[in-house]
Amino acid sequence: MLVHRSRFVSLILVSLSAVLWSDTSAKAQIKVGAIGDSFTDEYSALGSGLKNWVDLLVASGTADFGPFANFPVSDPRNTGGAGSYTYNYAKGGATTTSALGSTNLIPFIQNNNSQTGSQNRPDLWPGIRGAGTSGQIQYASQAIGGNDMLGEIINSQRLLLGLDTGVMNPIINRFNQITSIATAGYTSPLKMVLVKYPDLGSMPLLAGFPQFSKDSVRLNMQYFNANVDIQAATRGYATVDLFQLWDNIRMAGGINIHGIHIHPGVSSGGLQDLNSVWISDGLHPTPIFHALWANEFVRAVNSTYGTSLSELTPKAMVTLTGLDPQQAPIAVAGNEYTIQIGQSLNLDAQGSTDPNPGDIPYLTYSWDITGNDVFDDASGFSPTLTWNELVALGIQPNQVYQVRVRVDDTFGGVTTSAPVWFSVVPEPSSLILVVAGCIVGWLSRLRVTDDYHFKTNLQ
């Protein structure tokens, strides 16, 4: 009976392990689609190494947006061969009107994926709807309406007069209609993530406008985002709050990510810059802001839908975006070490550092002082080994050893230093006695010789 029970328990444990493994694997990556404009259209098609939040979730292994492929110009995506992830239906320049199938694509924002006069993208919502109902994706992000807002801001100089929130109502109605159609009247199994836009009024784009105009834009953005919250609460959807994210960065004067300060201004280097939130147009986010967006998406999905997706670590954020690419640390084992019998050895890795500033606090140091290529003799930046510890390691007087330090940044970068010499010499007292003895012996011989010559001369 005990044997049978043991086997039964083993079977249960094996089955449970299989379930847990399967669950963990499922949580490691989710299948996602997206509706949106240039904020969501992949940056990777625009240049080598450039990534937005979609690219970053793919690169980190968190999300699968389908295969990356080049679509012909005749395809509704109209990427002109630039490429796109299959289930990312975002397009630069898209509006709520074009997403619903209008023949006009307002060309406020142009990039490689949005040519002037290009065909609209009637597949924005049908693509998501089809992929969702067929089970090809389980989650979908909807971030659209920003170009509509720009249209209202620019149109007829309304910005200078102040905007009434009523101008947002047509945009809101279309946004809600897209949300409904994309999910087949909210019957699709898609788990939606609705995006609240950042405050256009406080972006560098409108820096030269009067404050009352900026306040007017902010009021309208809040009105639009309040509707996003209502839709999400009503449908049980998740939200990504870019409005609050940008506000937090702006009011704090920037944000520090892995030892690098990101300022809330514009880039001087196009899409990519080492320390800014916005590219040079003052409207589009740099990859580092997209890294923050990617984490907001992960948090939203985890908290609303019970997943356990991993966020991008600060190191991954600066590495994957190209903000601070991974580099190996620099290892220096110090200068030549010489001690006397009975003394301690004070090691010093001064000169060791890391080209990645954010990695420096995470550096670890391990030492090999016996030359056996095993780095477990000491640890730390400047460790001390007592004489007894040295003896235990086999260190002997009148021998020469090679000392090396291995520096690990804990993020995959490991460097071993060049060797430096280490030796143990006799104690000063012993050396003095030996030397003194030699001198006394030499003087004695010299005196005997001198006496002999003196006596010889007398004779």
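Some observations on this one:
- Within-10-Å neighbourhood charge of Ile137 [Cβ basis; K, R +1; D, E -1]: +1
- Region 219-337 shape via C-alpha gyration tensor axes, a/c threshold 1.5: oblate
- Computing FRET efficiency as 1/(1 + (r/R0)^6) for Ser134 and Ser308, where r is the C-beta to C-beta distance and R0 is 35 Å, gives about 0.85.
- Average 1/r across all pairs of distinct alpha carbons in region 289-380, invert it, and you get the Kirkwood radius: 16.9 Å.
- Less than 5 angstrom separates the built amide H of Asp324 from those of Thr319, all sequence-distant by 5 or more or on a different chain.
- Global geometry of region 354-431, whether rounded, prolate or oblate, following the gyration tensor of its Cα atoms and the 1.5 cut on a/c: prolate
- Remark: region 171-179, residue by residue, has Karplus-estimated 3J(HN,Hα) of 5, 4, 4, 5, 4, 5, 5, 4, 4 Hz, where x stands for each Gly or Pro and the curve is 6.51 cos²θ - 1.76 cosθ + 1.60 at θ = phi - 60°.
- Debye log10 I(q)/I(0) for region 197-289, one point scatterer per Cα, at q = 0.15 Å⁻¹: -0.63
- Phi angles of region 191-206 translate, via the Karplus equation with coefficients 6.51, -1.76, 1.60 and θ = phi - 60°, into HN-Hα couplings of 9, 7, 10, 8, 9, 8, 6, x, 6, 4, x, 9, 6, x, 3, 10 Hz per residue; Gly and Pro are given as x.
- Efficiency of FRET from Cβ geometry, Asn388 and Ile230, R₀ 51 Å, rounded to 0.05: 0.10
- Surface calculation, 1.4 Å probe, protein heavy atoms: Tyr89 sits at approximately 20 Å² accessible.
- In sequence order, calculated HN-Hα J values of region 238-249 (Karplus, 6.51, -1.76, 1.60; Hz; x Gly/Pro): 8, 10, 10, 9, 6, 4, 5, 4, 5, 4, 4, 5
- Cα→Cβ-extended label distance, 7 Å offset, between Gln222 and Gln402, nm: 6.8 nm
- The label point for Asn275 and the one for Gln340, both projected 7 Å from the Cα toward the Cβ, are 5.0 nm apart.
- With a simple spin-label model that places each label point 7 Å from the Cα along the Cα-to-Cβ direction, the separation between Thr370 and Ile330 comes to 3.2 nm.
The values are calculated or read from the model by the stated rules, or taken from the named source; none is laboratory data. Everything quoted here is computed from the prediction, not taken from an experiment. As a convention, Cβ positions derive from the backbone with ideal geometry for all residues, glycine included, and neighbour counts pool all protein chains shown. Heavy atoms of the whole protein, side chains included, go into the accessibility calculation; ligands, DNA and RNA do not. Shrake-Rupley method; radii C 1.70, N 1.55, O 1.52, S 1.80 Å.
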